[in-house]
């Protein structure tokens with residue numbers, strides 16, 4: 001394989017040696033791998049068709065001379081999942097989730113660890129130092145254990161204890177720093193200098209950025225399989241699809257740097273036509289890149305005292321990474337955005353309950369950012385969007401739940417009895433499902449719409465939900481059940497929503513039941529006038545977000 005390491009400051013090109021972390025000409029730490037694209041183009045993508053769908057499928061564009069299969073753990077090749085329910089909620093039919101939870105240690109950092117440890121093993125390095133907010137140390141620890149490399153992991157005292165214990169489980173030495181992540185990096189650097197050890201330097205580590213390119217390669221290839229080849233593609237000149245947006249939560253920003261480089265290399269090879277707009281999302285309590293970008297600053301203003309409970313994203317000083325990422329975001333017409341901790345925790349609930357994907361808070365930041373960008377109109381309904389679900393499920397912390405998140409059934413008094421009396425069991429079960437939940441009737445002739453509304457309601461509240469598939473069925477159901485709220489579609493065959501409203505308002509028993517109309521129809525002036533005074537709220541399907549809809553519901557059932 002033909003590649004060199006080129007300095008980003010002086011342009012000097014040198015062979016890749018994992019132990020060398022500086023340019024031999026000017027001592028800059030900022031370098032990147034550069035490949036002979038004419039040579040790569042002779043075999044790529046023709047040869048990859050016969051390879052397993054994993055990270056090493058793209059070995060021609062990775063800085064490893066001879067990939068060692070002995071130290072692999074099944075890295076890469078994670079699913080690209082179409083988010084049907086979230087897409088319906090947001091009005092984004094082409095929304096996809098890159099599920100990086102399914103890596104060997106359940107984090108996108110497995111890519112970084114796999115390529116970095118492979119390079120160190122190839123270079124004969126047996127001991128290394130890394131500072132981490134959690135996931136990268138876990139990934140490096142797993143691969144270092146497999147390769148027989150000693151890892152010194154410097155983490156802040158704010159890193160969740162469960163992550164520290166996992167790092168230690170692999171045999172790495174955990175060094176807990178009571179201070180910020182930036183301070184932990186400084187201590188780790190001094191430790192490595194004094195002992196003459198190799199140090200992982202995040203975005204300045206060549207293998208780290210190169211590994212993240214494989215996200216771009218996989219996304220482009222998977223989108224093509226899911227959506228078909230883009231226009232203009234032929235058997236002789238195959239092309240892959242590019243999403244319109246790539247959304248990822250960031251701390252230091254290395255992931256989007258690599259993704260940008262990956263799509264750029266595919267474009268050089270003539271395999272894609274463009275690079276997606278980048279949307280790096282930060283936690284509001286530590287968002288130096290977002291705040292600096294919004295101020296138009298070329299260099300980031302550091303955040304000296306991060307104020308976020310999402311500690312794994314608390315990088316206060318992104319340094320030169322921001323300068324590089326700012327250029328890429330502007331070039332792709334992307335955006336930086338931040339979200340509050342509360343918005344991120346809410347997104348965790350929505351993601352789990354709408355799509356069956358349980359992610360850690362740092363990963364949920366990206367989804368909260370997506371909701372914000374859709375609400376602002378920055379991301380359009382016609383866009384194809386890929387969100388990186390970067391991190392694995394963590395044990396859910398108590399603060400994520402309100403009171404009453406469990407319901408207890410105590411059968412200890414019945415333990416001595418061979419058979420629990422039926423009335424005793426029913427009494428116990430009444431504690432689980434007491435008949436005191438708000439009762440909601442959902443009326444829509446489309447099963448997908450009913451399912452969406454049901455999932456939104458179930459995602460953050462206790463509701464007894466009834467469904468009607470037609471206007472006639474709705475009238476009978478509402479008259480019989482007398483619910484607390486009706487969510488009504490207007491466009492139905494035979495008896496439409498307007499007629500249902502007329503019947504409900506003419507009956508004293510149902511006249512005062514609040515109604516939310518959720519419709520895909522753009523209403524005329526006359527139709528809006530007909531609804532005047534009849535309903536409490538009007539929402540367009542695909543145009544309402546989970547929290548906005550729930551706020552309307554809660555206001556009406558108080």
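The values are calculated or read from the model by the stated rules, or taken from the named source; none is laboratory data. Owing to the predicted nature of the structure, the values given are computational and were not obtained by experimental measurement. When we count neighbours, we look across all protein chains shown, and the Cβ atoms used for this are built from the backbone with ideal geometry, even at glycine.
From 216, 208, 192, 203, grab the single residue that is more than 26 Å from the chain's Cα centre (by Cα), part of a helix (DSSP H, G or I) and in contact (Cβ under 8 Å) with a residue 12 or more places away in the chain.
Working: 216 fails: more than 26 Å from the chain's Cα centre (by Cα); 208 fails: more than 26 Å from the chain's Cα centre (by Cα); 203 fails: more than 26 Å from the chain's Cα centre (by Cα).
Answer to the selection: 192.
Here is the figure for region 16-46: residues that are over 18 Å from residue 59 (Cβ atoms) and either surrounded by 14 or more Cβ atoms within 10 Å (Cβ to Cβ) or in contact with a strand residue (DSSP E or B) (Cβ under 9 Å, 6 or more places away or on another chain) (or both) total 13.
With the structure loaded, tell me whether residue 167 is crowded, with 17+ Cβ neighbours inside 10 Å, closer than 20 Å to residue 114 by Cα and in contact (Cβ under 8 Å) with a residue 12 or more places away in the chain or whether it fails that test.
yes
For region 110-139, the tally of residues that are in contact with a strand residue (DSSP E or B) (Cβ under 8 Å, 6 or more places away or on another chain) and closer than 19 Å to residue 20 by Cα stands at 8. Residues that are surrounded by fewer than 21 Cβ atoms within 10 Å (Cβ to Cβ) and over 21 Å from residue 99 (Cα atoms) occur in region 271-281; there is at least one. How many residues does region 219-263 hold that are surrounded by fewer than 17 Cβ atoms within 10 Å (Cβ to Cβ) and assigned to a helix (DSSP H, G or I)? Selection size over region 219-263: 3.
Scan region 231-274 residue by residue and report those that are under 30 Å from residue 303 (Cα atoms), at pLDDT 95 or above and in contact with a strand residue (DSSP E or B) (Cβ under 9 Å, 6 or more places away or on another chain). Give the derivation first.
In the first step, residues of region 231-274 are kept if they are under 30 Å from residue 303 (Cα atoms); the result is 245-262.
Filter again for at pLDDT 95 or above, leaving 245-250, 255-262.
Within region 231-274, 245, 246, 247, 248, 249, 250, 255, 256, 259, 260, 261 qualify.
Going by what's in this entry, would residue 67 be described as outside the structural domain of residue 247 (by TED's automatic domain parsing) and in contact with a strand residue (DSSP E or B) (Cβ under 8 Å, 6 or more places away or on another chain)? Here the answer is no, as residue 67 does not meet what is asked. Within region 168-184, work out how many residues are within 27 Å of the chain's Cα centre (by Cα) and assigned to a loop (DSSP other than H, G, I, E, B). The total comes to 2.
Mind checking whether some residue in region 391-398 is closer than 29 Å to residue 253 by Cβ, in contact with a helix residue (DSSP H, G or I) (Cβ under 7 Å, 6 or more places away or on another chain), modelled with pLDDT of 95 or more and assigned by TED's automatic domain parsing to the domain that holds residue 244? No, region 391-398 contains no residue that is closer than 29 Å to residue 253 by Cβ, in contact with a helix residue (DSSP H, G or I) (Cβ under 7 Å, 6 or more places away or on another chain), modelled with pLDDT of 95 or more and assigned by TED's automatic domain parsing to the domain that holds residue 244.
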